[in-house]
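Contents: one structure, followed by commentary.
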């Protein structure tokens with residue numbers, strides 16, 4: 001039961017976290033291997049734009065900068081996007097306060113992460129702008145800070161909330177505003193994000209783009225963009241599975257003790273069966289079958305009860321996660337058939353061994 005519930009909760013967190021990252025990360029992300037930035041005004045990127053399975057092509061700039069709002073300062077990650085960014089995902093559904101507006105009537109606006117807004121003590125509706133400072137790429141080192149820093153101001157239009165790591169680091173601004181701030185040239189970016197057709201084979205499209213761009217570019221899918229995180233989550237799940245399997249192995253001594261006590265209690269019956277002509281293997285099978293029935297009954301009701309508890313949590317959110325701890329306030333659950341299969345196999349063989357051991361070695365003393 002406990003194995004099913006815990007594995008289902010891990011599945012729930014896995015699906016939830018992947019969906020959160022997928023809201024911020026594209027289907028495919030193109031970056032340069034040989035430098036920080038690259039230009040997209042060439043035939044290679046035109047060919048990528050015209051691929052049948054590429055729905056949206058979004059130019060991106062990501063840089064670190066110093067933000068200042070009133071008297072508060074904070075280092076943030078600037079994510080500069082074009083008009084296709086909104087079309088690539090349902091990002092507007094994650095607006096916590098305000099609206100998702102990056103440009104209106106030739107006025108630039110910023111969308112700020114909830115955690116970042118908290119650190120700056122910023123809220124929507126205030127007349128104060130956000131001051132953004134970044135080093136000038138085209139200037140030499142100078143003792144005059146005004147000569148080495150670019151400074152621009154922008155008003156926030158909304159606050160987004162996706163996941164703690166994003167919310168506490170990112171501010172989203174228009175890409176043309178960012179090019180002026182960071183001294184980028186026209187068509188210069190440090191990444192390109194692609195939205196693909198949902199029905200296409202994304203691995204095939206990824207390989208096509210790799211052939212077009214060659215070895216000087218890195219093309220990463222959803223998994224590769226967060227490879228370490230997903231590998232860690234998968235490892236954690238199976239580490240927990242192994243720990244609980246070990247606990248089940250230790251608890252199987254209860255079955256060994258139960259079968260042993262049953263054999264001792266039935267020693268007179270064993271002797272009678274022996275005198276009637278039953279050999280040792282027949283008697284061993286009787287007690288092995290007894291242990292087998294105990295195991296199957298325990299597995300059946302354990303899986304059933306575990307599935308029932310997981311179903312209740314999935315539908316009615318009975319166990320809270322804690323207010324403000326995560327984007328949802330309950331433990332997510334997702335039951336998967338493969339987990340039930342693994343649990344059945346592991347528990348069955350543990351209990352089978354626990355039944356076989358006393359049946360094999362205790363009964364032989366009555367057949368000497």
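Say we look at region 119-138 and pick out the residues that are within 33 Å of the chain's Cα centre (by Cα) and loosely packed, with under 15 Cβ neighbours inside 10 Å; which of these is nearest to residue 75 (Cα to Cα)?
Of everything passing the filter in region 119-138, 121 is nearest to residue 75 (Cα to Cα).
Look at region 78-115 and say how many of its residues are surrounded by fewer than 18 Cβ atoms within 10 Å (Cβ to Cβ), touching a strand residue (DSSP E or B) at 6+ places or on another chain (Cβ under 6 Å) and under 18 Å from residue 180 (Cβ atoms).
1
Just need a number here: residues in region 83-100 that are touching a helix residue (DSSP H, G or I) at 6+ places or on another chain (Cβ under 6 Å), outside any strand (DSSP E or B) and over 17 Å from residue 56 (Cα atoms).
Number of matching residues: 1.
Looking for something part of a helix (DSSP H, G or I), surrounded by fewer than 19 Cβ atoms within 10 Å (Cβ to Cβ), in the same structural domain as residue 148 (by TED's automatic domain parsing) and under 23 Å from the mean Cα position of the chain (by Cα) - is there at least one such residue anywhere in region 165-172?
yes
Take the residues in region 63-82 that are assigned to a loop (DSSP other than H, G, I, E, B) and touching a residue at least 12 places away in the same chain (Cβ under 8 Å), then tell me which one is nearest to residue 130 (Cα to Cα).
Ranking the candidates gives 70 first.
Counting just the residues of region 144-163 that are assigned to a loop (DSSP other than H, G, I, E, B) and modelled with pLDDT of 85 or more, which one comes out nearest to the chain's Cα centre (by Cα)?
In this case the residue turns out to be 162.
Testing residue 333 on (1) in contact (Cβ under 8 Å) with a residue 12 or more places away in the chain; (2) in a helix (DSSP H, G or I), one condition comes back false. Which one is that?
The one condition residue 333 does not meet is (2).
Take the conditions within 26 Å of the chain's Cα centre (by Cα) and farther than 28 Å from residue 159 by Cα and apply them to residue 230. Does it pass?
The answer is no for residue 230.
Among the numbered conditions (1) at pLDDT 90 or above; (2) farther than 30 Å from residue 51 by Cα, tell me where residue 291 comes up short.
Only one criterion in (1) at pLDDT 90 or above; (2) farther than 30 Å from residue 51 by Cα is unmet by residue 291, namely (1).
Out of the helices (runs of 4 or more DSSP H) lying entirely within region 214-330, which hold 3 or more residues that are surrounded by 15 or more Cβ atoms within 10 Å (Cβ to Cβ)?
227-251, 253-265, 267-275, 280-316
Might you check whether a residue that is surrounded by fewer than 19 Cβ atoms within 10 Å (Cβ to Cβ), touching a residue at least 40 places away in the same chain (Cβ under 8 Å) and more than 28 Å from residue 231 (Cβ to Cβ) occurs anywhere in region 3-23?
no
Say whether the condition of being in the same structural domain as residue 169 (by TED's automatic domain parsing), part of a strand (DSSP E or B) and crowded, with 16+ Cβ neighbours inside 10 Å is met by at least one residue in region 39-51.
Checking region 39-51: not a single residue is in the same structural domain as residue 169 (by TED's automatic domain parsing), part of a strand (DSSP E or B) and crowded, with 16+ Cβ neighbours inside 10 Å.
If you take the residues in region 176-190 that are in contact with a helix residue (DSSP H, G or I) (Cβ under 9 Å, 6 or more places away or on another chain) and crowded, with 19+ Cβ neighbours inside 10 Å, which one is modelled with the lowest pLDDT?
By that ranking, first place goes to 184.
On the basis of being loosely packed, with under 14 Cβ neighbours inside 10 Å, outside any helix (DSSP H, G or I) and under 22 Å from the mean Cα position of the chain (by Cα), does residue 193 make the cut?
Considered against the rule, which asks whether it is loosely packed, with under 14 Cβ neighbours inside 10 Å, outside any helix (DSSP H, G or I) and under 22 Å from the mean Cα position of the chain (by Cα), residue 193 comes out as no.
The values are calculated or read from the model by the stated rules, or taken from the named source; none is laboratory data. Note that this is a predicted model, so its numbers are computed, not measured. Positions of Cβ are backbone-derived with ideal geometry, glycine not excepted, and every protein chain shown enters the neighbour counts.
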